[in-house]
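Down below is the structure, laid out as C-alpha cells.
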Amino acid sequence: MTTEIYVEKNGYIATLVLNRPDKRNSLSKAMFQNIVEQLEQLRVDSSIKLLIVRGVNEVAFSSGADISEFLDIRYAADNAKAYNDLALKAIDTLYKFPHPTIAMIQGLAIGGGLELANACDFRMATPKSKLGITAANIGIVYNLESTKRLINLVGVAKAKEILYTANIFTAQDGKNIGLITALHEPEDIESATLHFAEHLLSKSSIANAGIKKMIQAIVDGENEESDELAQIVLNSFSSDDYNEGIQAFLNKRKPIFNK
C-alpha cells in the first residue's frame, strides 16, 4: 500500500517520492511531517550515501503547499506559526541531510515545491518543467531561511524578481540564472539523474560529506573555520579513503572508495 510520501532504496541511493498525483503532489501538513520522519530515518541509515527527491510522475515535482488546508490550519498568526514551523523543519531537515541530494524536477515546482527543491544540492529538470514562488499572489511573506537560500542560488536582483512578480518561469530560465543544475529531455531525466548520482557515488563519501558541511557553513555565514570544521579536515587525512586515493593516484588507476 502506497502513501503520500514513500522511500525507495537502490544500493547506496534512496529516493524520496512525493506521491499525491491527484493534487499534483501539493504538500499537506501531514506530508511535511512525514518528510521529516522519513529523512530522519535515512539520516541514520549507514547504507545510504545519496538522496534523490522526486514526484511520482511527470506531471509535477510539487505544485506547492496545499492551499485547501490554509483556512483551517494556516489561518491567523498562531495557527500559521505551527504550520510554518513544521514546513520549515521539513525543508531544513532536507537541507542538512548529510549526503548529496538531488531534486529531479518533472513538471511543476511551485511555491513550497520549489522551496523543497532549493534545499537540495542539485536540481535536474526538463525543458517542460515550470518553476515559481507565488507567495505574493496569496498575501504571504516568504520566510527568511528560504529567501536567503534563493538569494544564494540566483542573487538578490533575480530573487526579488521571482518573489515580487510571483511569475511562473521555465526551467531554461531557471538554468540561465543558476537555479537549475542541468536540463534533460523528459524521456532521459531519470537515467541522467541516476548517472549523475552514480558519478557522485564514485567519489569519496568522506570527502563529499565534509565538502557539504564546509559549503553550508560558508553559505550560512561562517567566516572562520570552527573547531568542528577543522577536525573534519584533519580526520580526512586519517581515513581509508585518503589512503586509497593516494595509492590510486600513485598507481595511475581509479580509486575504489569504501561506502
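The values are calculated or read from the model by the stated rules, or taken from the named source; none is laboratory data. Since the structure is predicted, the reported quantities are computational estimates derived from the model, not experimental observations. Note: ideal-geometry Cβ built from the backbone for every residue, glycine included; neighbour counts use all protein chains shown. Quick note on the areas: whole protein, heavy atoms, side chains included, nothing else; ligands and nucleic acids left out. Shrake-Rupley method; radii C 1.70, N 1.55, O 1.52, S 1.80 Å.
Details
- Cβ-Cβ distances below 9 Å connect the following pairs, each with a first residue in region 81-94 that is free of Cβ contacts under 8 Å to residues at least 40 places away in the same chain, a second residue that is among the hydrophobic types (A, V, I, L, M, F, W, C) and open to solvent by 50 Å² or more (accessible area, probe 1.4 Å), and a separation of six or more residues or different chains: Ala82/Ile73.
- When each of Asp173, Asp92, Asp85, Asp72 is tested for being more than 30 Å from Ile218 (Cβ to Cβ) and acidic (Asp, Glu), the lone residue that passes is Asp72.
Here is a yes/no grid of residues against (1) outside the structural domain of Phe122 (by the TED database); (2) surrounded by 11 or more Cβ atoms within 10 Å (Cβ to Cβ); (3) out of contact with any strand residue (DSSP E or B) (no Cβ under 9 Å at 6 or more places or on another chain):
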position	(1), (2), (3)
Ser191	no, no, yes
Gly210	yes, yes, yes
Val219	yes, yes, yes
Asn223	yes, no, yes
Phe237	yes, no, yes
Glu244	yes, yes, yes
Lys254	yes, no, yes
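- Test: Ala14 is assigned by the TED database to the domain that holds Ile180, touching a Gly at 6+ places or on another chain (Cβ under 6 Å) and surrounded by 19 or more Cβ atoms within 10 Å (Cβ to Cβ): no
- Residue check, Asn57 closer than 14 Å to Val17 by Cβ, assigned by the TED database to the domain that holds Ser46 and open to solvent by 40 Å² or more (accessible area, probe 1.4 Å): yes
- Residue in region 202-211 that is part of a helix (DSSP H, G or I), polar (S, T, N, Q) and within 29 Å of Asn258 (Cα to Cα) present: yes
- Condition met for Val7 (more than 17 Å from Tyr83 (Cβ to Cβ), surrounded by fewer than 19 Cβ atoms within 10 Å (Cβ to Cβ) and without any contact (Cβ under 8 Å) to a residue 24 or more places away in the chain): no
- Applying the criterion of at least 3 residues that are modelled with pLDDT of 95 or more, more than 21 Å from Asn208 (Cα to Cα) and not aromatic (Phe, Trp, Tyr) to the strands (runs of 3 or more DSSP E) found wholly in region 81-185 leaves 108-110, 130-132.
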